[in-house]
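Take a look at this one; I'll ask things after.
Read-outs: derived from the displayed coordinates by stated rules, not from any lab. Values in this document were obtained by computation on a predicted structure and should not be read as measured data. For neighbour counting, all protein chains shown are included, and Cβ atoms are generated from backbone atoms with ideal geometry for every residue, glycine included.
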Amino acid sequence: MLGLLLAVTGCQQGIDGEPTAERGAGPSGPIQPAQLDQLLTPALSLSVTPGKPLFETDMQSVLWTGADPAQCQGVVGYGRHPLFPTNYTGREARTQTDNQYPNQHQLLEVSATYPGDFQAPKFLESVRATVSACQRPVVAWGDDEKHHTVTPGPVAPGSPDMVRWSTNLTGDQWICEFTMIAKANVISQLVTCSPDRSIDNKALSDQRLQKIDELLNSKV
């Protein structure tokens with residue numbers, strides 16, 4: 001069951017460690033790569049089951065590596081972050097789980113900084129368009145080539161600085177909620193997965209946007 005649940009989320013590598021810089025990046029924006037760790041949830045700080053906090057773990061071996069249609073991979077999974085522009089100046093990711101069966105909970109996050117000319121509203125509009133274009137069953141698979149069918153839901157109403165949607169796994173009680181936040185020169189994604197939406201994705205996302213605002217205001 002562990003392999004199925006992890007593969008379902010399509011996780012990117014669990015622990016990126018130091019911020020990853022992109023060569024040839026342009027002038028930096030207000031939020032710096034060294035601040036990205038502040039835009040991830042600390043390990044062991046979130047509990048859904050009393051006394052069983054989510055802990056950081058490397059999920060690289062169970063990534064989804066493909067989808068059909070290919071342009072929907074970032075809509076149904078977290079692995080390799082295909083929705084993120086590639087000209088980032090820094091990137092950090094963290095994946096956490098509590099390994100509680102049958103009611104496992106997962107929190108999958110990645111945050112990235114971009115050059116100062118990054119256009120957050122334009123990026124979010126492209127994400128909305130991609131999610132809207134993927135309103136159909138999507139087949140996804142990992143290195144084991146086992147295929148899973150996932151159905152994305154529509155974009156949910158909310159903050160103009162966020163795009164939110166969810167996915168359901170066909171034939172299993174497994175729901176993932178996605179939030180993509182973009183403001184100034186930073187993108188932050190939060191994916192929460194569980195059988196019953198028992199992690200409050202919206203609350204975590206609102207806190208993340210508030211933290212981005214705090215970092216921006218500290219530059220004034």
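Can you pull the one-decimal nm distance between simple spin-label points at ASN99 and PHE55, each 7 Å off the Cα toward Cβ?
0.6 nm
Continuing with this model, one more query. If every alpha-carbon in the chain counts as one equal scatterer, what log10 I(q)/I(0) does Debye give at q = 0.11 1/Å?
-0.49
Here's a follow-up. Dipole size in debye (nearest 20) for the stretch 2-217 around its Cα centre, Lys and Arg Cβ +1, Asp and Glu Cβ -1?
On the way: 15 positive and 23 negative charges, 86 e Å.
The dipole of the stretch 2-217 has a size of about 420 debye.
Moving to a separate point now. Classify the stretch 149-220 from the C-alpha gyration tensor, please: rounded if a/c falls under 1.5, else prolate or oblate depending on whether a/b exceeds b/c.
Working: a/c = 3.23, a/b = 2.38, b/c = 1.36.
Cα axes put the stretch 149-220 in the prolate bin.
Still on this structure, please answer the following. Count the lysine pairs in the chain that are 8 or more places apart or on different chains: how many have C-alpha atoms under 17 angstrom apart?
Lysine pair count for the chain: 6.
Summing -39500 (n - 2.57) over the DSSP H runs of n ≥ 4 in the chain and dividing by its residue number, what mean residue ellipticity at 222 nm do you reach, to the nearest 500 deg cm²/dmol?
Working: 4 runs with 43 residues, N = 220.
Dividing the helical sum by the residues of the chain leaves -6000 deg cm²/dmol.
To the nearest 10 degrees, how steeply does helix 120-133 sit against the main Cα axis of the chain, on a 0 to 90 scale?
Here the helix axis deviates by roughly 20 degrees.
Using only alpha carbon pairs under 8 Å that are at least six residues apart, calculate the relative contact order of the chain and give it in whole percent. Mind dumping the intermediate values first?
Values: 505 pairs, mean separation 50.0, N = 220.
Computed over the chain, the figure is 23 percent.
Would you kindly state how much longer the chain becomes between ASP172 and ARG197 on full extension, computed as 0.36 nm times their sequence separation minus their alpha carbon distance, in nm to one decimal?
Contour length minus the Cα-Cα distance gives 7.6 nm.
Evaluate the distance, in nm, between pseudo-label points positioned 7 Å from the Cα of GLN207 and of THR65 along their respective Cα→Cβ axes.
3.5 nm
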